[in-house]
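Remarks on the structure that follows.
The values are calculated or read from the model by the stated rules, or taken from the named source; none is laboratory data. Nothing here was measured: the structure is a model prediction, and the numbers come from that model. Using ideal geometry, Cβ is built from the backbone for each residue, glycine included, and neighbour counts are taken over all protein chains shown. These accessible areas exclude ligands, DNA and RNA; they are computed on the full protein's heavy atoms, side chains included. Shrake-Rupley method; radii C 1.70, N 1.55, O 1.52, S 1.80 Å.
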Amino acid sequence: VDVSGWTGVTHDTRGNRPFFSAENGGRLPAIGCLFSCITPEVGWNENNAAVGYFCNRGSSGVILGSTTTTVGFEGFYDNIIANNNSEIVLREAVARNAERYGVLARHISRVSARSADISGCKDIAAYADRASTMDIRHADLSGSFRAIVAYHASTVTANEAVVNELTSSNH
């Protein structure tokens, strides 16, 4: 995926231009393949940041994870965002190598990423904010700067998650 020339940034997209986007109770298509983003030649900045899969304002989506096929999003500025009471399921899927966030649940949203590969994220692998919930049991968050962040009454279930080789000095 080449993000150059994309539009559609809003305050709800967290500064990103969305590849897949659902708004106002929309339902995104079920994803059954891997989308790998090409880092812009000039590097990531406020004029080219892109999110792979974005649900907003009561929307939902499913990424059809698999133990035999690699399915999901990798290498986007933010791979997957559920915002404003939205929900995304990506069990056994990929949300790895993000420039910023692997998966983000924000404003009373839910992300189910059980057994997902959310490794190698340059900022936060799994981030829940503002009364959101996230299930990352058995997920791999290794090689990220920070593995798990939860703020403002959010909860993250991370039983048996794999967290190795974090690059932050504050583990």
Two-site label geometry, Thr157 and Ser66: point separation in nm, points 7 Å out along Cα→Cβ: 2.7 nm
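With viscosity set to 1.306 mPa s at 10 °C, what whole-number translational diffusion coefficient in µm²/s follows for the chain from Stokes-Einstein and a Kirkwood radius over Cα pairs?
Values: Rh = 15.2 Å.
Rounded, D is 104 µm²/s.
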Asp2-Ala30 pseudo-label distance in nm [points 7 Å out on the Cα-to-Cβ vector]: 3.2 nm
Share of carbon and sulfur in the accessible heavy-atom surface of the chain [1.4 Å probe, %]: 46 percent
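At 1.4 Å probe size, with every protein chain present, just tell me what the per residue accessible area of segment 41-171 comes to in Å².
Values: 5490 Å² over 131 residues.
With the other protein chains kept in place, segment 41-171 gives 42 Å² per residue.
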DSSP-loop GluC sites (Glu not before Pro) across segment 1-82, with at most 15 other Cβ within 10 angstrom: Glu41, Glu46
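If each residue of separation counts as 0.36 nm, what is the full-extension length gain between Arg137 and Leu166 once their alpha-carbon separation is subtracted?
Details: separation 29, 0.36 × 29 = 10.44 nm, distance 1.78 nm.
Length difference between fully extended and current span is 8.7 nm.
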